[in-house]
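Read-outs throughout are calculated quantities, based only on the coordinates presented, and are distinct from any laboratory measurement. Here the structure is a predicted model, which means the values were calculated and not measured. We place every Cβ from the backbone using ideal geometry, glycine too, and count neighbours over all the protein chains shown.
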Amino acid sequence: MRNDHGDRLPLLPGRGSAAWHCGLHPGVMSDTLPDLVRTGFHDGTETPTLTDASASLSAGVQGSPAGPALRCPTTRGAMNAHPRVVEIGAPLTTTDVADVAIGHASVRVDRRKILARLSSARAVVDATLRSGVPAYGVNRGLGPLRDHEIPAELMGDFQRYVILSHAAAIGKPLSRIESRAAVVTRLNTLAAGASGASPALFEGLLELLLRDVVPVIPDQGSVGAADLSQLAAIGQVLIGAGEAWLPGSDEVVPGATALAAAGLRPLVLEAKDALALVGSNALSVASASLAHRRSTLVAARADLVAALTLEALGANLSPFKEVVLAARPHPGQQVSGARIREVLSDGDLAQGVRPTASLQDPISVRTVPQVHGALLDQLDDLERVLEVELNCAPDNPFLDATTGEFISNGNFSITNIAVSFDALRIGLAHVALLAERRVAILVRHLRQGVPLAEQVQRVTSATGYVTPLILAQTASALVAQIKHAATPISLSGTTVGDGIEDHASLAYSSIRLTEATLDHVERLFAVEALLAASVIAVATRSRPFRLASPVYRLREAILEVTRRSHTTAEVVDWVVEALRREQRGDDLSEMRAPATPPPVSWFDRDVSRHDQLH
């Protein structure tokens, strides 16, 4: 069907449904992460102080066994008119974590059910303390000190000791979104009741989330065998130490100051609480959930950019036919092919009005569904891994409620996540290799048949920005970095803990490396889109033809950017933004290039108010 160029054709990642085509849960209206502001309970009641936490949890909320939804701090001012509600202690998805962390979802806590679990677990902790039966982290030390008994009179001090002695993370602060996601993740796994955590610890973490007391967590320190040093940064704020963002502000203040500003007092940790907090991979799992979300969006953007190049080259679209892709029915390649067909559906190329340039195009054009589809299948597998991690009981020791004993184990090892992200970067590298080869083809088309004298005249007589054909080398440099980052990092761990901790997954490092790879991939896509728009501009001058609607909108947006920008760095950053906006369904006609382009990286960790989840 032929629509006018203003019609909106969504192109967001999805599998078999409209929601999948959006790539976001229906409750998510935007992937911009603006400032967080403070809110309280939906019913307007006061939230308790940390020192009142146990009483609050046992009291419950009138009117519903689960209580009302607890409103989390929002972004740029207000919750959605009909926000989703995510229940802590019920099965969480990666989308749930992102929505709550951003402020696009409220949380509900079934206080009676969670209280029963936590109270039962605390009874085991108390019995273990009375009996003296050795239990790691309960009445015995940690790591190399695992066989050392904790004196009863030092039990309270030991909790504070664990937090302060593990606060070894360094580097730039993570975004507030990542910090909040870590809190959400740990709340959900604590709710299982297998850690032995006190109700006060659970309630304390919940209050940090609800009152927008966001701990400042440095970005380096985890080896993927529990995020000890980084989760200790959360623990520091709970006990009135460390640093946090002042609620409703971009100002970083001492933890005690942030608590006081939110009407909270430092928490006194009980036996086992310190290990229950730091001895998990909540930050890695949370960061992995956010990175999975971004990777899914970028994978859909890959199809959008490839479709732009297909239109520019007048490619043969037969490799994208549904019947061909169904003959080798991997789910990912069928989704990729369907999205590309949808993008191109109302253009002359797809309608058969415009002749194709060749019977068979290069492999980098012809195998887009297969290569992009492999990445989509990896993302599906990764999502299954993450949803296990979000809803499991990962504690060491594990509290077996049926026998009332603590069992030492290795569930802190998240090698599944590490290996999955190592594989994900290989999938991204293959997608990038195709994009770089298509960049070379586009440059060839722009140079083809143009004498040197004419090329010189075009560049020197231009009054605005001229797309440099040497962008092919820029693409090559980006691909080199992407390929280098595809080397598995999970095999690079070393022995720590006086030889006791002699294997680590390095999952967190693998996630961070993947985020950097996504930055490179987005810039590479922007280079390809910029060159494809240039090829389309040249082709339509000699022989006008109808472009598919998304292609038309992107071409016009890119031309507008090049008219208002003067450097390639600025242009590429704005093309990244144009691709994001087209994918979200924003009006590209409103996009104008200001003096400073938006940050390309997913999280601007230096300026928290620019947090973005694209």
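Length available on full extension from A123 to A90: 0.36 nm per residue minus the Cα-Cα distance, which gives 9.6 nm. May I ask you to compute the full-extension gain from I363 to T403, defined as 0.36 nm times their residue separation minus their alpha-carbon distance, rounded to one decimal in nm? Here the answer is 8.4 nm.
By other beta-carbon atoms within 10 Å, ranking W574, W245 with the fewest at the front produces W245, W574.
R0 = 35 Å: FRET efficiency of D147 with C392, Cβ-based, nearest 0.05? About 0.80, to the nearest 0.05.
Determine, for R447, R512, the number of other Cβ atoms within 10 Å of each Cβ, and report the residues in order from fewest to most.
Working: R447 12, R512 19.
Ordered from fewest to most neighbouring Cβ atoms within 10 Å, R447, R512 come out as R447, R512.
Residue by residue, the range 143-155 carries 3J(HN,Hα) couplings of x, x, 9, 5, 9, 8, 6, 8, x, 4, 6, 9, 4 Hz when phi is fed to the Karplus relation 6.51 cos²θ - 1.76 cosθ + 1.60 (θ = phi - 60°); x denotes Gly or Pro. Fewest-first ordering of S364, S295 by other beta carbons within 10 Å of each residue's beta carbon gives S364, S295.
Is the shape of the range 535-589 rounded, prolate or oblate, going by the alpha carbon gyration tensor and its root eigenvalues a ≥ b ≥ c, with a/c under 1.5 for rounded and a/b larger than b/c for prolate?
Values: a/c = 2.64, a/b = 1.26, b/c = 2.10.
Since a/c reaches 1.5 but b/c is at least a/b, the shape of the range 535-589 is classed as oblate.
Could you tell me whether the range 288-610 comes out rounded, prolate or oblate from its Cα gyration tensor? Rule is a ≥ b ≥ c as square roots of the eigenvalues, rounded for a/c under 1.5, then prolate if a/b exceeds b/c, otherwise oblate.
Numbers: a/c = 2.40, a/b = 1.84, b/c = 1.30.
Prolate.
Within the range 70-220, all pairs of alpha-carbon atoms sorted by distance into 10 Å bins from zero give the percentages 10, 33, 32, 20, 5, 1. Measuring between their Cα centroids, the range 128-144 and the range 311-336 lie 59 Å from each other. In terms of packing, defined here as the mean over residues of other Cβ atoms within 10 angstrom, the peptides 214-226, 185-197 line up highest first as 185-197, 214-226.
Using a ≥ b ≥ c from the Cα gyration tensor of the range 267-423 (square roots of the eigenvalues), is it rounded, prolate or oblate, where a/c under 1.5 gives rounded and otherwise the larger of a/b and b/c decides, a/b for prolate? Intermediate results must be reported in sequence, preceding the final value.
On the way: a/c = 4.40, a/b = 3.38, b/c = 1.30.
Because a/c hits 1.5 or more and a/b exceeds b/c, the range 267-423 counts as prolate.
Between the alpha-carbon centres of the range 379-417 and the range 261-305 there is a gap of 15 Å.
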